[in-house]
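The values are calculated or read from the model by the stated rules, or taken from the named source; none is laboratory data. Bear in mind the structure is a predicted one, so any value in this text is a computation, not a measurement. Only protein heavy atoms, including side chains, enter the accessible area calculation; ligands, DNA and RNA are left aside. Shrake-Rupley method; radii C 1.70, N 1.55, O 1.52, S 1.80 Å.
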Amino acid sequence: MEVTSPVPKKRARIEIIPLIDIMFFLLASFMMVSLSQVHMKGIRVNLPAMVAPTQPLPTPDPRDRLSLFVDPDGLVHFDKEVVADGDVMPRLVAVAKGNPNLKLFISADREALHGDVMKLLDRVRSAGIEKVAYEIKIKHGAPGAPGVPGAASAPGAAGAPVAPGSAPPPPPPPPAPTP
């Protein structure tokens, strides 16, 4: 004979709502931990301070600006004046001592070697000049520039210039074989 229990028999079941709450809590916890482990790295920049509008702006002194240029031969030009390689460092030191607010602009010819420009930059830094900028000029329509009509490497360089938006002329036919 089988004895039945007066307590009704319940089937075990998994409650899904508390499980969803726990999963969202774990997701948020892992996201917060992973975000705290990311280290942001950047360059320290000295931003200019705001000048009150009631103060007049100082007029720039032309002696506060110096332009250096490296030509394809590696010669350094101080404001369009060629300076010998041995005289560059003493002149930079003299200029830096004479004007602590000096702003230096470095530019180079397209054909100048990267090493010559870096050597000049090292000299500028060792002279104690801290305000350095790089001048980058793109000359549009310069002969010989890549992608410019009329350049030596551009289509139609041998004949008439190619109009913008038109197709380049077809290549010349191959020479006929000789019998």
Item to check | Condition check for VAL7: modelled with pLDDT under 85, open to solvent by 80 Å² or more (accessible area, probe 1.4 Å) and part of a loop (DSSP other than H, G, I, E, B) | outcome: yes
Checklist entry - Out of all the residues in the stretch 32-64, which are of a type in the set (Gly, Ala, Ser) and either modelled with pLDDT under 80 or open to solvent by 70 Å² or more (accessible area, probe 1.4 Å) (or both)? => result SER36, GLY42, ALA49, ALA52
